[in-house]
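Everything on this sheet refers to the single structure shown next.
The values are calculated or read from the model by the stated rules, or taken from the named source; none is laboratory data. All figures in this text were calculated on a predicted structure; none of them were measured in a lab. Positions of Cβ are generated from backbone atoms using ideal geometry, with glycine treated the same way; all protein chains shown enter the neighbour counts.
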Amino acid sequence: MSQPYKYYFWKRFFLFFIPLMVVGILSEPMIIQNPFEELEDYGAFLFFILFYIIVFGGLAALIVSIMWRIRQFKLKH
């Protein structure tokens, strides 16, 4: 019997999300090289972190959802 989507999704979501976040954060100079000298620097850091979480979270969710659809298609045929 097939696993429910919710279980499948959360089991695999962080397997894609965490590596994407690590690569994204390490390649972003605004996060890595931020001097934190002014209040603007903290705001920029927070903006970029939240931006990366939203974008890479959506990308990871899309990948997992596509994998689920492919898996369901293979199980039906």
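Run down Phe73, Phe36 and say which single residue is on the phi > 0 side of the Ramachandran plot and without any contact (Cβ under 8 Å) to a residue 40 or more places away in the chain.
Numbers: Phe73 fails: on the phi > 0 side of the Ramachandran plot.
The conditions single out Phe36.
Of all residues in segment 7-36, how many are within 17 Å of the chain's Cα centre (by Cα) and part of a helix (DSSP H, G or I)? First the steps, then the outcome.
So in segment 7-36, the residues within 17 Å of the chain's Cα centre (by Cα) come out as 8-28, 31.
After this cut, where a residue has to be part of a helix (DSSP H, G or I) as well, the list is 8-26, 31.
Of the residues in that region, 20 qualify.
Ile54 fails exactly one of the following numbered conditions: (1) surrounded by 12 or more Cβ atoms within 10 Å (Cβ to Cβ); (2) at pLDDT 95 or above. What is the number of that condition?
(1)
I'd like to know if segment 15-33 contains one or more residues that are without any contact (Cβ under 8 Å) to a residue 40 or more places away in the chain, within 25 Å of Leu75 (Cβ to Cβ) and either touching a Cys at 6+ places or on another chain (Cβ under 7 Å) or aliphatic (A, V, I, L, M) (or both). Even if it seems obvious, please write down each step before you answer.
Keep residues of segment 15-33 that are without any contact (Cβ under 8 Å) to a residue 40 or more places away in the chain, which gives 15, 18-19, 21-33.
When the remaining residues are screened for being within 25 Å of Leu75 (Cβ to Cβ), the result is 15.
If we keep only those that are either touching a Cys at 6+ places or on another chain (Cβ under 7 Å) or aliphatic (A, V, I, L, M) (or both) as well, we get 15.
Yes, there is a match, as at least one residue in segment 15-33 is without any contact (Cβ under 8 Å) to a residue 40 or more places away in the chain, within 25 Å of Leu75 (Cβ to Cβ) and either touching a Cys at 6+ places or on another chain (Cβ under 7 Å) or aliphatic (A, V, I, L, M) (or both).
Mind counting the residues in segment 8-36 that are exposed (fewer than 10 other Cβ atoms within 10 Å of the Cβ) and at pLDDT 95 or above?
Total satisfying the criteria: 0.
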